[in-house]
Amino acid sequence: LTHSPPNTYTFTKALTEYLVQQEKGNLNVAIIRPSIVGASWQEPFPGWIDNFNGTSGFLTAAGKGIIRTVRCNIDAVADIVPVDVAINLILAAGWYTAVHRPKSMLIYNCTTGGINPFCWGQMENYVIATYKRNPLEKAFRIPNANMTSNYLIHQYWTTVSHRVPALLYDLYLRLTGRKPRMMKIFNRLHKTMTLLEYFTTRTWEWSSDNVNMLMNQLSPKDKKLYCFDVRQLHWSEYIENYCLGTKKYLLNEDMAGIPAARQHLRKLRNIQYAFNTTLLVIIWRIFIARSQMAQNIWYFVVNLCYKFLSYFRASSTLGH
């Protein structure tokens, strides 16, 4: 049914625009096209959000340590627009359309990519750093992310970092008499992430001429009151507030609980170290201990590392 549009959401938006153009008659109308709507920039509070749609659900899952791999082009523009920017633009466009009555229907592209571009690769760094400083409560794993555009690498990490841990956790829940739920959560998240892949692997160029024209029509007071000038948006600060917003407004977590959440992350880190050590011992017992050649290679590598550390220590001592 949709043919070229990637999903029914974009298809119905295009269909609505077509109907408005065909049926508007003598009415003065305008169309506002927001890109990926995210948390608020300034109003009502920085980082305010009330649903898990789009990037909000992705950020929350990343903060909980549930999502570890995302298929995207790290150099592609993450065209996120704050929700209050979209609302302010709608109000301003409504005023201009009603008062000035333009002869043709104007389309306002409410985007950030062409004015203040921000890439998915940058988002990865800001999000993980914020959630490590201000962790979510009862995280499933330590927040981490692997962003890649390669399909095979993404499938590998999906299996290793998503499906296997989910199966093991569900097995643990079954053994302790509880209902398994992690695979169901992962399947739902993967379905959502698959829908987002179309947008995270591409970059679009949108004209901002009508938005700039509208901004020039506003008085200095109205520009401040109905701010939609995204050139003033600082992405590092916005993403940090966005992540904190998922904690405060979506999950209703108290900021006073951050020390306990950090302690939980340290516990998870110790568990991870213990698991990796156990896995290394198992690999040693199965593969290395039974092969003389493998043992020789192993001892060579260990000896090389020891010599390097000894050389580094000696160099540091001579330097002092």
Inset, instruction - Could you compute the FRET efficiency for Tyr18 and Leu91, with r as their C-beta to C-beta distance and R0 at 25 Å, rounded to 0.05? - result: 0.50
Inset, instruction - With all protein chains present, calculate the accessible area of Arg262 using a 1.4 Å probe and round the result to the nearest 10 Å². - result: 100 Å²
Legend entry - For the range 181-236, convex hull volume per residue from C-alpha positions, Å³: 154 Å³
Legend entry - Kirkwood-type radius of the range 21-158, with distances r between different C-alpha atoms, in Å: 17.4 Å
Inset, instruction - For the chain, state the semi-axes of the equivalent ellipsoid (square roots of 5 times the eigenvalues of the alpha-carbon gyration tensor), sorted largest first and rounded to whole angstrom. - result: 48, 23, 20
Inset, instruction - Just grab the label-to-label distance for Asn125 and Asp209, each label 7 Å out from Cα along the Cβ direction, in nm (one decimal). - result: 3.6 nm
Inset, instruction - Report, for the chain, the % of DSSP beta bridges that are antiparallel, rounded to 5. - result: 10 percent
Legend entry - Mean separation of Cα contacts under 8 Å, 6 or more apart, over the residue count of the chain: relative contact order %: 26 percent
Legend entry - Bins of 10 Å from zero: percent of alpha-carbon pairs in the range 60-129: 16, 34, 27, 15, 9, 1
Inset, instruction - Estimate the FRET efficiency between Asn276 and Thr176 by the formula 1/(1 + (r/R0)^6), using the beta-carbon distance for r and 25 Å for R0, to the nearest 0.05. - result: 0.55
Inset, instruction - May I ask for the Kirkwood hydrodynamic radius of the range 22-94, worked out over all distinct Cα pairs and given in angstroms to one decimal? - result: 14.7 Å
Inset, instruction - Determine how many Å³ per residue the convex hull of the Cα atoms of the range 164-289 encloses. - result: 229 Å³
Inset, instruction - Report, in degrees rounded to the nearest 10, the 0 to 90 angle that the Cα long axis of helix 235-245 makes with the longest principal axis of the chain. - result: 80 degrees
Inset, instruction - Compare Glu237, Glu23, Glu197, Glu205 by solvent-accessible area with a 1.4 Å probe and give them largest first, with all protein chains kept in place. - result: Glu205, Glu23, Glu237, Glu197
Inset, instruction - First select every other residue whose beta carbon is under 12 angstrom from the beta carbon of Arg133; then total the charges, Lys and Arg +1, Asp and Glu -1. - result: +2
Legend entry - Helical mean residue ellipticity (222 nm; -39500 (n - 2.57) per DSSP H run of 4+; nearest 500) of the chain: -18000 deg cm²/dmol
Legend entry - Pairs beyond 29 Å (Cα-Cα), from Lys13/Lys64; Lys191/Lys248; Lys138/Lys191; Lys191/Lys224: Lys13/Lys64; Lys191/Lys224
Inset, instruction - With label points built 7 Å along Cα→Cβ from the Cα atoms of Arg262 and Asn51, find their separation and express it in nm. - result: 3.5 nm
Legend entry - Of Leu280, Leu106, Leu309, the one that fluctuates the most in a GNM where the chain has Cα springs shorter than 10 Å: Leu309
Inset, instruction - Could you please report the charge total around Tyr108, scoring K, R as +1 and D, E as -1 over all other residues with beta-carbon less than 15 angstrom from its beta-carbon? - result: -2
Inset, instruction - Subtract the Cα-Cα distance of Glu43 and Asn252 from 0.36 nm times their separation in residues, and report this length gain in nm to one decimal. - result: 73.4 nm
Legend entry - Principal axes of the range 104-220: Cα extent on each, largest first, Å: 66, 32, 26
Inset, instruction - May I ask for the Rg/Rh ratio of the range 9-49, computed from Cα atoms with Rh as the Kirkwood radius, given to two decimals? - result: 1.17
Legend entry - Karplus (6.51, -1.76, 1.60) ³J(HN,Hα), θ = phi - 60°, over the range 90-104, in Hz, Gly and Pro reported as x: 4, 5, 5, 5, x, 4, 5, 5, 6, 8, 8, 6, x, 5, 10
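The values are calculated or read from the model by the stated rules, or taken from the named source; none is laboratory data. Not measured: the values here are computed from a predicted model. For neighbour counting, all protein chains shown are included, and Cβ atoms are generated from backbone atoms with ideal geometry for every residue, glycine included. Ligands, DNA and RNA are stripped out before the accessible areas are found, and what is left, the full protein with its side chains, is counted by its heavy atoms. Shrake-Rupley method; radii C 1.70, N 1.55, O 1.52, S 1.80 Å.
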